[in-house]
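Trainee: This is the structure I want to talk about, given as structure tokens.
The values are calculated or read from the model by the stated rules, or taken from the named source; none is laboratory data. Every value quoted in this text rests on a predicted model; they were computed, and no experiment measured them. Glycine gets a Cβ as well: all are built from the backbone with ideal geometry, and neighbour counts include every protein chain shown. What goes into the accessible areas is simple: the full protein's heavy atoms, side chains included, and nothing from ligands, DNA or RNA. Shrake-Rupley method; radii C 1.70, N 1.55, O 1.52, S 1.80 Å.
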Amino acid sequence: MAQEKCSKAVALIVGATGMVGVALAEALKEPTALGGPWKVYGAARRPLPSWFPASFLDEYMTFDALNLEDTHKSLSKISHEVTHVFWLALQVHEKEEENIRLNSTMLDNVLRSLTSSNSTSLRHVTVQTGTKQYMGPIFDPSLATDKMIPHEPPFKEDYPRLPFPNFYYALEDLVASYAETNSFSFSIHRSSMIIGASSVSVFNLMLNLCVYAVICKEKGFPFRYPGNRYMWEHFSDVSDAKLLAEQQIWAGVTEKAKNQAFNCTNGDVFAWKSIWRLFCDMFELEFVAFEENGDKEFDIVEFMKDKGEIWEGVVEKHGLFRTKMEEITCYPALQTVLGFQFQHVCSMNKSKEFGFLGYADTLKRIRVWVQKLREMNIIP
């Protein structure tokens, strides 16, 4: 007997335990959520962490999106229900060609599983990417050469693609192809560096800095800035996880936003020296100005590589949610970002013109997220 298509809003968040996944699940369950009330399915590779509020999801499922059989087995049961897919899943490796293969396979397996039935209810797919769209594969050492020149900031959505392999381009092409064949709409959401609260996100800028600050506090190390003078003094932006969630929900239910790509950043800018002062205040550390480093860049990768045991001691001492430092941090990525020689800033004009007016005060929100990480018992 054929299953009936679903008329109410049913979300599937793939990558539900990451920073934006947590914020998105919470936002969808708000009584004022656009397009609601929502039924929310969450999915990820690993079991739900103990810090994840059970009230944010109607059901949680685990499957390996790289495995079509496993993916289909999990999603075939709900394919007649799901109206909106929020794609937040991410696999990151050094080689960009491998990133293209893995991330495309995961999205392909999920979309194939949801659209293979005649009773599919799928209306919209949001895909979260990022500013690598405008910079190129900056984390692939074989490609990140002097020839890879980023677009002129502020980054704008209509900039042409750079002539380098990029898994963001592959995901955009894949979802657009599925949308055309299966008559659903899509939207692309390009984030900057994300601030939010989770222990399982691949690039958690905040948690990197929090762990570093906690270790400096614990052992009396100076809290040195691990970047160049340019980033210390020039402007950058970030994307708040809650704001990303709000933009994705808005795009998922707004006719004008269909089949569009949008930047999503907080709408303000900062210099890294102001972030450094903020972290010193939050963690009661002495402020070390860039000038006091003797104008020599500090290698945080080298400094942190043997600090895993110290972090284990901190976790034990404070009874924190059990994590390993190497699983919750990625200092090479932080070092790359703080070594930019251009202002990492996006334009939010297109988003505003299409009707999304959300914004966030970055310095205030960092305080909120650090407090959230403490409440989740991830940091002391």
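Trainee: If DNA, RNA and ligands are ignored and the probe is 1.4 Å, what is the ranking of V10, V288, V92 by accessible area, most exposed first?
Mentor: Listed by decreasing accessible area, they come as V92, V288, V10.
Trainee: Still on this structure: For the stretch 112-220, taking Cα atoms only, what is the radius of gyration to one decimal and the Dmax to the nearest whole Å?
Mentor: 18.5, 62
Trainee: Do the sum for the chain: with -39,500 (n - 2.57) for every DSSP H run of n ≥ 4, divided by all residues, what is the mean residue ellipticity at 222 nm, to the nearest 500 deg cm²/dmol?
Mentor: -11500 deg cm²/dmol
Trainee: Something else: Over the heavy atoms of K29, what accessible area does a 1.4 Å probe trace out, to the nearest 10 Å²?
Mentor: Taking all protein chains as shown, K29 has close to 70 Å².
Trainee: Show L357, L243 ordered by accessible area, largest first, where the area counts protein heavy atoms only and the probe is 1.4 Å.
Mentor: From most exposed to least exposed: L357, L243.
Trainee: Which residue fluctuates the most in the chain, going by a Gaussian network model with Cα springs under 10 Å, if the choices are I13, I78, I188?
Mentor: Answer for the Gaussian network model of the chain: I78.
Trainee: With the calculation restricted to Cα positions, what are the radius of gyration and Dmax of the stretch 1-87 in angstrom?
Mentor: 12.9, 40
Trainee: Evaluate Rg over Rh across the chain, taking Cα atoms for both radii and Kirkwood's formula for Rh.
Mentor: 0.96
Trainee: What area, in nm² and to one decimal, does the C-alpha convex hull of the stretch 275-341 cast on average over all directions?
Mentor: So the Cα hull casts an average projection of 5.7 nm².
Trainee: Can you pull the one-decimal nm distance between simple spin-label points at N182 and K258, each 7 Å off the Cα toward Cβ?
Mentor: 1.6 nm
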